[in-house]
1. Can you tally the net charge around Gln61? Count Lys and Arg as +1, Asp and Glu as -1, for every other residue whose Cβ sits under 12 Å from the Cβ of Gln61.
2. Could you compute the FRET efficiency for Asn41 and Thr2, with r as their C-beta to C-beta distance and R0 at 35 Å, rounded to 0.05?
3. In the chain, carbon and sulfur make up what percent of the accessible area (probe 1.4 Å)?
4. Using a 1.4 angstrom probe, figure out how much accessible area the chain has per residue, in square angstrom, rounded to the nearest whole.
5. Among Gln61, Trp74, Val18, which residue has its Cα positioned farthest towards the positive end of the charge dipole of the chain, with +1 placed on the Cβ of Lys and Arg, -1 on the Cβ of Asp and Glu, and the dipole taken about the Cα centre?
6. Glu52 versus Ala20, label points 7 Å from Cα toward the beta carbon: distance in nm?
Amino acid sequence: MTRRINVVDTTAPQLQNVPANVTIDCNDDVPVAEGFSATDNCDNNVDIDVIESTASGNCPQNYSIERMFIATDWCGNADTAYQLITV
């Protein structure tokens, strides 16, 4: 008798230490995206992409930056988190 056992990875990685939303003055430096990571139950090398988009405000010195953090494991499971920086 042969028994087949299929092992599948359906659990998404978990993003950790994603920077919190922040409001800064127009004279301040935009904070660097750092310190974040991701863990996964099956993949020790989770890919993390950071995608930034900027939206204009009501004057040239006012704007916002949205950072989207996407952690993806080798099976395509993903976790997404966001940071909003308001200038």
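1. On the way: positive: none; negative: Asp25, Asp28.
That sum, taken over residues with Cβ under 12 Å, equals -2.
2. Numbers: r = 27 Å, r/R0 = 0.79.
Computed FRET efficiency for Asn41 and Thr2: 0.80.
3. Working: 2880 of 6270 Å².
Of all accessible area on the chain, carbon and sulfur atoms account for 46 percent.
4. Values: 6270 Å² over 87 residues.
Per-residue accessible area for the chain comes out at 72 Å².
5. Of Gln61, Trp74, Val18, it is Trp74.
6. My value for the distance between the label points is 2.1 nm.
The values are calculated or read from the model by the stated rules, or taken from the named source; none is laboratory data. Only a predicted model underlies this, so the values are computations on that prediction, with no experimental measurement involved. Counting neighbours? That spans all protein chains shown, and the Cβs are built from the backbone with ideal geometry, glycine included. Surface accessibility is based on the protein's heavy atoms, side chains included, excluding ligands, DNA and RNA. Shrake-Rupley method; radii C 1.70, N 1.55, O 1.52, S 1.80 Å.
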